[in-house]
1. Do you know which of the residues in the range 236-275 that are farther than 11 Å from VAL196 by Cβ, over 22 Å from the mean Cα position of the chain (by Cα) and among the hydrophobic types (A, V, I, L, M, F, W, C) is modelled with the lowest pLDDT?
2. Restricting the search to the range 108-119, which residues are surrounded by fewer than 21 Cβ atoms within 10 Å (Cβ to Cβ) and within 15 Å of ASP155 (Cα to Cα)?
3. Condition first: part of a helix (DSSP H, G or I) and open to solvent by less than 50 Å² (accessible area, probe 1.4 Å). Now tell me which residues in the range 97-107 satisfy that.
4. In contact (Cβ under 8 Å) with a residue 60 or more places away in the chain and surrounded by fewer than 17 Cβ atoms within 10 Å (Cβ to Cβ), is that true of SER90?
Amino acid sequence: MNVSEASRVGCSGTSAREWVSAGRAAAELALKHEEVDLAVHLGLIDAGPVVGAARPPVHRSEIDRLRAQPGFPEQLKERVRTVGTAEGASLLRTDAARFTALARAGYLPPVAFHLNRRRTVVWLHLAEELRDFAAREPDLPTGWMTRRTRTRGTDLRARNWRSRRIQRLLGRAADPWVRASLQASALAAVQLAEVVEDPYERAHLARVRPRALIGRPGTVAGREAEARMMLAEDPDETHWRRANLTQELDRARAAGPAPRPGGLPAARPPRTHGLAVGPALCGPSPRAARARPPAGRVRGEESWQAGAADACPPGQVNELTGVARRDILTTC
C-alpha cells in the first residue's frame with residue numbers, strides 16, 4: 001500500500017496490528033525520529049495518513065521491505081543524512097564561503113533547516129545530493145565562479161526550500177482543496193485575501209492544509225522561523241503562487257464548495273486570475289472592524305488589539321490598531 005492509498009483507506013481499513021507507530025518504526029529501522037520524518041517526506045518510506053499532531057504510522061510490510069534491502073541500515077541512513085555548511089563544503093572539496101555562494105545562487109537547494117542558539121537559521125542539505133552535484137559539476141565547486149554565483153544580495157535558499165517542500169506535499173495530495181491549501185501556504189494574509197475573497201474558503205484552506213512532516217520546531221522561535229520561511233518574498237514568486245492558487249481553486253470549486261456554517265449556500269467568487277480586485281486591509285475583517293469597541297478603556301479592548309496585531313504579517317502595521325509585528329529572525 002502506497003501513501004496515497006493509505007490516505008484514502010486509512011488505518012482503520014486494515015488490522016491495527018499491521019500498523020506501527022512512527023517511534024516504533026524508527027527503532028526497527030535504526031533511524032532517528034527526524035530521519036524517519038525526512039524519509040517519509042522524500043518518499044523513501046510509505047507511511048499512513050497524518051492524524052492530528054501525531055507522526056504518520058508505518059505499515060508492517062513497509063518496514064519488512066526496508067529491512068530486507070541490501071546494505072540495511074547503513075544505506076538507508078546515508079540516504080537521509082543531512083549536513084551543514086562545513087561538512088557540505090568538505091564533501092564538495094571546497095571552502096565554506098564558496099559552498100555558501102553556491103547555495104545562495106540556487107545550485108544547492110536545502111532540504112531542511114533549524115535554529116542555532118543565536119536563533120540563526122542553519123540550512124541543511126542532503127549529503128547524497130551534494131555528492132551527485134560534485135560528480136555532475138566537477139569544476140563548479142573549485143573552478144571559476146560565474147556572475148550568477150558571485151551575485152551579492154541574492155539568496156535563493158528559502159525559495160528553493162519552499163518550492164521543494166510544496167512540490168513534495170503536492171505529490172502526496174489528491175484532494176483539490178488540499179492542493180489549493182499548499183499553494184496558499186506560501187502567501188501572506190493580505191495576498192491570500194486578494195485571491196480568495198470568501199472567508200469560509202480561506203478558513204477551509206487553513207483547516208485542510210497538511211502538516212509538515214519535517215522541520216517541525218517545538219519552540220516558539222522555531223515556529224516563527226517556519227512561518228516566515230513559508231511565505232514568498234520576491235514579486236515573481238508571489239505572482240507565480242497566486243496564479244497556481246487560482247488554478248487549484250478553480251479545480252477545487254468545481255469538485256465541491258467549501259463547507260459553510262448552517263448549510264449556507266456557497267458564494268460564487270469572481271474569476272480574478274490572481275489579480276487584486278480591491279484594496280486589502282491587514283487585520284480583522286470589515287465586520288470585525290465595525291464591531292470594534294469605542295475609544296476608551298473598555299473591557300476586552302486590549303485582547304482585541306492583540307488579536308488584530310497577530311493577524312498582520314511580520315513587518316506590516318495594522319491599520320486598525322497601529323500595532324506592528326517585529327521580525328527578529330536572521331538567515332546565515
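The values are calculated or read from the model by the stated rules, or taken from the named source; none is laboratory data. Computed from a predicted structure; not experimentally measured. In this analysis, Cβ positions are derived from the backbone assuming ideal geometry, glycine residues included, and neighbour counts consider all displayed protein chains. For the accessible areas, the whole protein counts, side chains as well, though only heavy atoms, and no ligand, DNA or RNA atoms are used. Shrake-Rupley method; radii C 1.70, N 1.55, O 1.52, S 1.80 Å.
1. Step by step, filter the range 236-275, then rank; the result is LEU275.
2. Here is the first cut: in the range 108-119, the residues surrounded by fewer than 21 Cβ atoms within 10 Å (Cβ to Cβ) are 109, 112, 114-119.
Selection gives PRO109 alone.
3. Filtering the range 97-107 for residues part of a helix (DSSP H, G or I) gives 97-104.
Result: ARG98, PHE99, THR100, ALA101, LEU102, ALA103.
4. Numbers: in contact (Cβ under 8 Å) with a residue 60 or more places away in the chain: no; surrounded by fewer than 17 Cβ atoms within 10 Å (Cβ to Cβ): yes.
When the stated conditions are applied, SER90 does not pass them.
Yes/no per residue for (1) open to solvent by less than 60 Å² (accessible area, probe 1.4 Å); (2) at pLDDT below 95; (3) closer than 16 Å to TRP19 by Cα:
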position	(1), (2), (3)
LEU38	yes, yes, no
HIS41	yes, yes, no
ASP46	yes, yes, yes
PRO49	yes, yes, yes
ARG55	no, yes, yes
ASP64	no, no, yes
